[in-house]
Amino acid sequence: MPLRPRLSTALRGLPCRHARSFGFSSSAGYAPSMDYIPMPYIEETSTAGRKTWDIFSKLLQERIVCLNGEINDYMSASIVAQLLWLESDTPEKPITMYINSPGGSVTSGMAIYDTMTYIKSPVSTVCVGGAASMAAILLAGGEAGKRCALPHSSIMIHQPLGGTRGQASDILIYANQLQRIREQSNHIMQHHLNKAKGHDKYSIEEINDMMERDKYLSVTEALELGVIDEILTKRTEKEVKEEVKGGEGGQTRAA
């Protein structure tokens, strides 16, 4: 059984709400049930017989990971599992992660980020639609030279946000933790932006100022800052030929 069906079966019975103390998103922390999302299936015919794949399993087979929607514990578990499986399958082959997300939980996002940097397989990132908050950090954290965005994507960076209540000592503990997360996030962004634009281009003070408030970027502005390395407009002939070659061996159609 492909990885994705096993994973979706395991997660299907879990509730969509999750607890979150620290985040980049002000949303309430809900994720839509997969039961409400139409799932296309691919029917593949070869000499070995006929196979039916859900679309995400087929993409995973081609080493493509889709990060769509709010980043929470359940999404993080799925993405991390896919990355680890792809590395164990072929460690030296690259992975492409398509991102369209408003952000979400910092801890969940950092689990994905750390896995991206931990595994041997290089992970290229592509923004389709939008990458905000924690999702923008994941976009910037892709393999150097392989961080891309489609022309009409939007990217937003800012500092983490959160709220709490209780005794003064508890609020102080929470504020200190939130500040630590902010510093951690800023250092990650500084590392990747300087890697793209030059080792000493951005000081940590400049990154702090850049992420002080919501900062919306067009793909051109993101390219200038170093959040991405390339704006994709059209697949090259070489990429199309490689994709066709990779899919040889059977006939595939939507089911």
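Since every read-out is calculated from the coordinates, none of them should be taken as a lab result. Please read all numbers here as calculations on a predicted model, not as lab measurements. So basically every Cβ, Gly included, is an ideal-geometry build from the backbone, and we count neighbours across all protein chains shown.
At a 10 angstrom cut-off on C-beta neighbours, averaged per residue, how do the peptides 205-211, 146-152, 101-107, 46-52 rank from highest to lowest?
Result, highest mean Cβ count within 10 Å first: 101-107, 146-152, 205-211, 46-52.
Assuming R0 = 45 Å, what is the FRET efficiency of A48 and D114, from their Cβ-Cβ distance, to the nearest 0.05?
Approximately 0.75, to the nearest 0.05.
Using Stokes-Einstein with the Kirkwood hydrodynamic radius over Cα pairs, what translational diffusion coefficient do you get for segment 44-130 at 37 °C and a viscosity of 0.692 mPa s, in µm²/s rounded to a whole number? Show your work: numbers first, answer last.
Numbers: Rh = 13.7 Å.
Calculated translational D: 239 µm²/s.
Is there a pair in K120/K215; K120/K195; K93/K195; K58/K201; K201/K234 whose C-alpha atoms are over 29 Å apart, and which pairs would that be? Write down the numbers at each step before the final one.
Values: K120/K215 32 Å; K120/K195 19 Å; K93/K195 22 Å; K58/K201 41 Å; K201/K234 31 Å.
From the list (K120/K215; K120/K195; K93/K195; K58/K201; K201/K234), the Cα-Cα distance tops 29 Å for K120/K215; K58/K201; K201/K234.
Need the full-extension length gain, S88 to N68, defined as separation in residues times 0.36 nm minus the C-alpha distance. One decimal, nm. Mind showing how you got there, number by number?
Values: separation 20, 0.36 × 20 = 7.20 nm, distance 2.35 nm.
Extra length available between S88 and N68 comes to 4.8 nm.
Assuming 0.36 nm per residue, please report the length gained on full extension of the stretch T220 to M39 beyond their Cα-Cα distance.
Here the segment from T220 to M39 would lengthen by 61.8 nm.
Beta carbons within 10 angstrom, averaged per residue: use that to sort the peptides 163-171, 224-232, 91-99, highest first.
Highest to lowest by the protection proxy: 224-232, 91-99, 163-171.
Across segment 141-225, what fraction of all alpha-carbon pairs, as a whole percent, falls in each successive 10 Å bin from zero upward?
Computed distribution, short to long bins: 16, 41, 28, 12, 4.
Give, in whole angstrom and from largest to smallest, the semi-axes √(5λ) of the equivalent ellipsoid of segment 136-183, with λ running over the eigenvalues of the Cα gyration tensor.
Details: eigenvalues 234, 30, 6 Å².
Rounded to whole Å, the semi-axes are 34, 12, 5.
Amide H of I95: which non-local residues (sequence gap of 5 or more, or other chain) have their own amide H closer than 5 Å, using H built in the peptide plane?
V123, S124
For segment 98-183, what are the per-bin percents of Cα-Cα distances with bins 5 Å wide, up to the bin holding the maximum?
Result, from short to long distances: 3, 14, 21, 21, 16, 11, 7, 5, 3, 1 percent.
Arranged by the count of other C-beta atoms within 10 angstrom, fewest first, what order do V219, V128 take?
With the fewest neighbours first, V219, V128 line up as V128, V219.
Starting from the Cα of D170, step 7 Å along the direction of its Cβ; do the same at T233; then give the gap between the two resulting points in nm.
With each label placed 7 Å out from Cα toward Cβ, I get 5.6 nm.
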